[in-house]
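For reference, the structure is listed below as structure tokens.
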Amino acid sequence: MTTTISPLIAGNWKMNGTRASLDELSVLASMLTTGEAPRAIVVVCPPATIVAAAARQGATAGIQIGGQDCHTEGSGAHTGDIAAGMLADAGAQYVIIGHSERRAEHGETNDQVRLKAVAAIAAGLKPIICVGETEAQRDSGQAESVVAGQLAGSVPDAAENHEVNIAYEPIWAIGTGRTPSNEEIAAMHACIRQALVDRFGDKGLSIRILYGGSLKPQNAREILAVENVNGGLVGGASLLAKDFYTIISAV
Ligand code: PEP
């Protein structure tokens, strides 16, 4: 891990969680306050319905809260959507943008993802922009070019002077229990770092690059130690406080 970048571990609860799940957040909060102080910024991204309650509950333990998506517009006739400003108003500091599940299920394009990131920044949120290749793309040797294209299209110019985080999430590793080898992770994160430096100069050296995809208590320590891995985006293993805490403690 690049030591000059403060690491961040974010949990993506996806479409899991009701008010009852806040009990799990309480367990995490007490682990974080009674155990050794975490070396990572801790972010939990619950469903939008409990963002406000989670923000209130997480605050005492320094847990920051994120949304899982936001609209490109600040307000208007967009039934069912959530504006970045609404997430901020509910107490969120971060927002996941362009998760592969949204790209696949909602047809989100790089352009839309970039505009969402711009909207998030305008609302004072810190975007976590997801990129990653499919298994077929990796097998055909296109992984790096696909990710480079996603970065070029999804990361806004505003990353030069605002906090933007990148999450490299190979789609074939999400929720499957499979992960790339440490060498493959290192190679992809080095490519992403180079692309950020080529575009943003020295600022590109300080943009966090998270790894996501079947990050678990069992593999967290070695994956989080890979060069240019500045933290993780955790799906399934963030739902149980004990597992998520173990991953946080692996930093
Ligand atoms: C994710 O969906 O962002 C993710 C990393 O999921 P999982 O950890 O369950 O693979």
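The values are calculated or read from the model by the stated rules, or taken from the named source; none is laboratory data. Since the structure is predicted, the reported quantities are computational estimates derived from the model, not experimental observations. Neighbour counts run over all protein chains shown; Cβ positions are idealised from the backbone, glycine included. Just so you know, the surface numbers come from the protein's heavy atoms only, side chains and all, with ligands and any DNA or RNA stripped out. Shrake-Rupley method; radii C 1.70, N 1.55, O 1.52, S 1.80 Å.
Yes or no, residue by residue, for (1) out of contact with any helix residue (DSSP H, G or I) (no Cβ under 7 Å at 6 or more places or on another chain); (2) charged (D, E, K, R):
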residue: 163; (1), (2): yes, yes
residue: 200; (1), (2): no, no
residue: 206; (1), (2): yes, no
residue: 250; (1), (2): no, no
For segment 148-165, indicate whether the set of residues that are of a type in the set (A, V, I, L, M) and within 16 Å of the ligand (Cβ to nearest atom) is non-empty. no
If you check residue 196 against the conditions, is it more than 10 Å from the ligand (Cβ to nearest atom), touching a Gly at 6+ places or on another chain (Cβ under 6 Å) and open to solvent by less than 30 Å² (accessible area, probe 1.4 Å)? yes
Those residues of segment 27-56 that are of a type in the set (Gly, Ala, Ser), part of a helix (DSSP H, G or I) and open to solvent by less than 50 Å² (accessible area, probe 1.4 Å) come to a total of 5
Inspect segment 227-250 for any residue being more than 10 Å from the ligand (Cβ to nearest atom), over 30 Å from residue 33 (Cα atoms), among the aromatic types (Phe, Trp, Tyr) and open to solvent by 10 Å² or more (accessible area, probe 1.4 Å) and give the result as yes or no. no
Scope segment 166-190; condition more than 9 Å from the ligand (Cβ to nearest atom), outside any loop (DSSP other than H, G, I, E, B) and crowded, with 19+ Cβ neighbours inside 10 Å; matching residues: 166, 168, 171, 172, 185, 188, 189
Result of the Cβ filter at 7 Å on segment 88-115, keeping first residues that are under 18 Å from residue 163 (Cα atoms) and within 16 Å of the ligand (Cβ to nearest atom) and partners that are part of a strand (DSSP E or B) and open to solvent by 50 Å² or more (accessible area, probe 1.4 Å), at least 6 apart or interchain, is 94/126
Based on what the data block shows, is residue 135 open to solvent by 70 Å² or more (accessible area, probe 1.4 Å) and either touching a residue at least 60 places away in the same chain (Cβ under 8 Å) or within 16 Å of the ligand (Cβ to nearest atom) (or both)? yes
Within segment 202-220, restricting to residues that are within 14 Å of residue 8 (Cα to Cα) and of a type outside the set (A, V, I, L, M, F, W, C), the one that is farthest from the ligand (Cβ to nearest atom) is 206
Exactly one of 55, 90, 83, 48 is within 16 Å of the chain's Cα centre (by Cα), more than 22 Å from residue 168 (Cα to Cα) and not polar (S, T, N, Q), and that residue is 48
